Amino acid sequence: MIQRIQSLFLLVIALSGVIFLFTPIIEIINYESFYTMDAFNVFEMENNTKKPLKSNIGIGVMSIIITLLSGIIIFLYKNRPLQIKLSKFLMLLLTLELAALFFYSDAAKSFLSQTPKDQVSISYKIGIVIPVISIVFTYLTIRFIKKDDELVRSADRLR
């Protein structure tokens, strides 16, 4: 049910997962080249064209799984214990995605740098913030599902 606050949080997580697929995550600047990384590839930017260099499809697949899982959790509102377990699993996946982002950024930096390490710079873009925001919303989702469960249990005791 969409009128519950935790369902709105899960909807925000799903929408941010879709946005994550299309936003740049990292820009790598070498003294002679410019590279950008999104959820699926590392691109070399030449004359306003994108030339794919290396695939990092694991982050994209993980983001799709996170988006689908958060959409599924919305419709499990009748089974709150399962909803809590899947939300905790969602938080684990988001944490793994964030760790994979930093791992892939380091791997891309080492792959693209034929020069000494001090001449390559990495700048993080808006895409790196999206998993952090999703982790916060997942925590809030778990918290509000637990409050909802406690409210239902207290109402059952009154009957």
Are any residues in segment 6-40 outside any strand (DSSP E or B) and either of a type in the set (Asp, Glu) or without any contact (Cβ under 8 Å) to a residue 12 or more places away in the chain (or both), and if so, which ones?
Leu8, Leu15, Glu32, Asp38
Can you name the residue in segment 19-28 that is surrounded by 15 or more Cβ atoms within 10 Å (Cβ to Cβ) and of a type in the set (A, V, I, L, M, F, W, C) and is also modelled with the lowest pLDDT among such residues?
Ile28
Out of (1) surrounded by fewer than 14 Cβ atoms within 10 Å (Cβ to Cβ); (2) hydrophobic (A, V, I, L, M, F, W, C); (3) farther than 28 Å from Leu151 by Cα, what's the single condition that is false for Leu92?
(3)
Just to be sure, is Ser154 of a type in the set (Ser, Thr, Tyr), out of contact with any Gly (no Cβ under 9 Å at 6 or more places or on another chain) and either loosely packed, with under 12 Cβ neighbours inside 10 Å or over 14 Å from Ile25 (Cβ atoms) (or both)?
yes
How many residues does segment 41-56 contain that are surrounded by fewer than 12 Cβ atoms within 10 Å (Cβ to Cβ) and within 22 Å of Ala100 (Cβ to Cβ)?
2
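The values are calculated or read from the model by the stated rules, or taken from the named source; none is laboratory data. The structure displayed is predicted, hence computed values, not measured ones. Virtual Cβ from ideal backbone geometry, glycine too; neighbours counted across all protein chains shown.
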